[in-house]
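Report on one structure; see the data block that follows.
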């Protein structure tokens with residue numbers, strides 16, 4: 001059974017027309033994609049995205065430098081303040097718990113302990129420097145306690 005030439009040519013012509021319509025539709029879709037929403041080309045959109053990315057990388061580098069400086073300054077600034085109240089003269093009960101020791105330290109353990117001894121007739125105030133959680137001046141038990149509390153607060 002032979003297919004007549006006329007039928008074959010009609011089928012071939014219809015197939016070619018369908019393919020041409022399909023190619024035209026694809027061309028229109030590609031043109032729309034490349035022209036963009038606001039009439040910008042896809043290339044210009046990609047270029048502007050790339051420029052924004054480069055700008056954000058520069059901003060990120062600036063922020064990293066800034067935060068490094070902030071971290072350095074923050075480690076040297078006051079990190080905690082702890083206070084212990086105590087009765088300096090336990091035997092005669094004159095002062096109650098009005099005496100205190102307060103530690104002001106940064107995160108590496110540098111700072112000062114300020115102590116106040118209160119009595120009815122006078123109040124004495126002492127200041128002792130702290131370097132890396134150690135004092136060159138002997139510390140009272142209350143000052144040692146407040147320094148330990150400050151160290152614990154910094155570590156948490």
Report the residue count in region 108-129 for those that are at pLDDT 90 or above, surrounded by 14 or more Cβ atoms within 10 Å (Cβ to Cβ) and part of a loop (DSSP other than H, G, I, E, B).
-> 2
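Could you check region 1-20 and list, in sequence order, the residues that are in a helix (DSSP H, G or I) and surrounded by fewer than 10 Cβ atoms within 10 Å (Cβ to Cβ)? Please lay out each step first, then the result.
To start, the set of residues in region 1-20 that are in a helix (DSSP H, G or I) comprises 5-20.
Those that are in a helix (DSSP H, G or I) and surrounded by fewer than 10 Cβ atoms within 10 Å (Cβ to Cβ): 5, 6, 7.
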With respect to residue 90, is the statement that it is part of a helix (DSSP H, G or I), exposed (fewer than 10 other Cβ atoms within 10 Å of the Cβ), free of Cβ contacts under 8 Å to residues at least 60 places away in the same chain and out of contact with any strand residue (DSSP E or B) (no Cβ under 7 Å at 6 or more places or on another chain) true?
-> no
What number of residues in region 130-147 are over 14 Å from residue 82 (Cβ atoms) and either in a strand (DSSP E or B) or not assigned by TED's automatic domain parsing to the domain that holds residue 106 (or both)?
-> 2
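This table checks each residue for (1) free of Cβ contacts under 8 Å to residues at least 12 places away in the same chain; (2) farther than 30 Å from residue 29 by Cβ.
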{"site": "42", "(1), (2)": "yes, no"}
{"site": "46", "(1), (2)": "yes, no"}
{"site": "63", "(1), (2)": "yes, yes"}
{"site": "101", "(1), (2)": "no, yes"}
{"site": "108", "(1), (2)": "no, yes"}
{"site": "136", "(1), (2)": "yes, yes"}
From 64, 82, which residue is within 29 Å of residue 148 (Cα to Cα) and either at pLDDT 95 or above or in contact with a strand residue (DSSP E or B) (Cβ under 6 Å, 6 or more places away or on another chain) (or both)?
-> 82
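The values are calculated or read from the model by the stated rules, or taken from the named source; none is laboratory data. This one's a predicted model, so the numbers in the text were calculated from it and none came from an experiment. Cβ sites come from the backbone with ideal geometry, for glycine too, and all protein chains shown count toward neighbours.
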